Amino acid sequence: MSAQFVGVCGLPRAGSTLLCQLLAEHPDIHCEGHSSPLCNALLATRRSISDDSFMLSQLDVQFDTTYGHLHTALQGFLNGWYAGTNKPVIVDKNRAWLHCIEFLLRLQPNAKLLVSIRDLGQIYGSIEAQHQKTILLDFIDHLADFDRLGRADQLFAKDKAIGAPLSSIQSVQDLPQQVKDRIYFVRFENLLAQPVETMSHIYQWLGMKDYKLNPNQLTVRPHESDSHFRHKYLHTLHSSITPPRRHENPQRVEDLIRKACAWYYDWFYPTAK
């Protein structure tokens, strides 16, 4: 792949849809904006081939050659996914990219990740507010029967919508510095308050020429399916950036989040305590 590969990932309700919309405005960026199956397909292939008896037999007798075949094949799959595009930067959105960044960098050493983050209380508040609007529908992981505190606790569990990507973010501290250097955290609050300046910093980090987007005249493209998530995590696009209202959460929920995720606020929101 001659193009620069950029993965977009991060927390739900933290602006990844908006970020992709803004990235797509740049004439040198190909960004479809939908959550892509590419990462899932690569991981599924790794799982499958690792259980294949013919693959294991070949590794026994010619490890370097067979492992080289696997590397070339996975790299070819990654490169071939966007083979029809001709722009110098390709953006692929999938929340799992941060979890498997070292796997990605083995296939594409120059890849970079943009990770969307947001005040965790506002993430929970956004999800809960949307649930109240669609309360006759259950979540895909059946959280509707919990009370608000119980639902917050479940959402932050390590295998749930907030907890899973949050664990990947926390695990960044364990990565080698050369891997950390491939990661850029994008605060949702900055994207809303200073979209032009924030995007300029991102373009610079990506090594691209600057592009002065107009935050009041954005292209609205078809967004990804909301029914898959039972309309609990909307992906609506707008022609201009309009900050959402601030969510007022129950104090017990705020205390639960702040206590359980103190490290997150130390890292990203040290003045918000």
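The values are calculated or read from the model by the stated rules, or taken from the named source; none is laboratory data. Because the structure is predicted, anything quoted here is derived from the model rather than measured. Counting neighbours? That spans all protein chains shown, and the Cβs are built from the backbone with ideal geometry, glycine included.
Kindly indicate whether Q21 is within 17 Å of the chain's Cα centre (by Cα) and assigned to a helix (DSSP H, G or I).
On the way: within 17 Å of the chain's Cα centre (by Cα): yes; assigned to a helix (DSSP H, G or I): yes.
Yes, satisfied.
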Worksheet item: Are there any pairs with C-beta distances below 7 angstrom linking a residue in the range 260-272 that is over 18 Å from F188 (Cβ atoms) to a residue that is surrounded by 11 or more Cβ atoms within 10 Å (Cβ to Cβ), with the two at least 6 apart or on different chains, and if so which?
Response: A260/F156; W263/Q170
Item to complete: Could you grab the pairs with beta carbons closer than 6 Å, sequence gap of 6+ or different chains, first residue in the range 29-40 and free of Cβ contacts under 8 Å to residues at least 60 places away in the same chain, second one among the basic types (K, R)?
Response: S36/K93
Worksheet item: Here are G15, G76: which of them is at pLDDT 95 or above and surrounded by 15 or more Cβ atoms within 10 Å (Cβ to Cβ)?
Response: G15
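Working only within the range 79-101, note down all residues that are assigned to a loop (DSSP other than H, G, I, E, B) and either within 25 Å of S167 (Cα to Cα) or at pLDDT below 95 (or both). First the steps, then the outcome.
Kept after step one, since they are assigned to a loop (DSSP other than H, G, I, E, B), are these residues of the range 79-101: 82-88, 94-100.
Matches in the range 79-101: A83, G84, T85, N86, N94, R95, A96, W97, L98, H99, C100.
I'd like the full set of residues that are over 17 Å from H201 (Cα atoms) and either surrounded by 21 or more Cβ atoms within 10 Å (Cβ to Cβ) or in contact with an Asp or Glu (Cβ under 9 Å, 6 or more places away or on another chain) (or both), limited to the range 18-41. I'd like the intermediate steps shown before the answer.
Step one: list which residues in the range 18-41 are over 17 Å from H201 (Cα atoms), which gives 30-41.
Across the range 18-41, the qualifying residues are C31, E32, G33, H34, S35, S36, L38, C39.
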Discussion item. Tell me whether the range 49-63 contains one or more residues that are under 20 Å from A96 (Cα atoms) and either part of a helix (DSSP H, G or I) or not aliphatic (A, V, I, L, M) (or both).
Written reply: yes
Discussion item. Yes or no: the range 103-111 includes at least one residue that is in contact with a Gly (Cβ under 8 Å, 6 or more places away or on another chain), part of a helix (DSSP H, G or I), crowded, with 17+ Cβ neighbours inside 10 Å and in contact (Cβ under 8 Å) with a residue 12 or more places away in the chain.
Written reply: yes
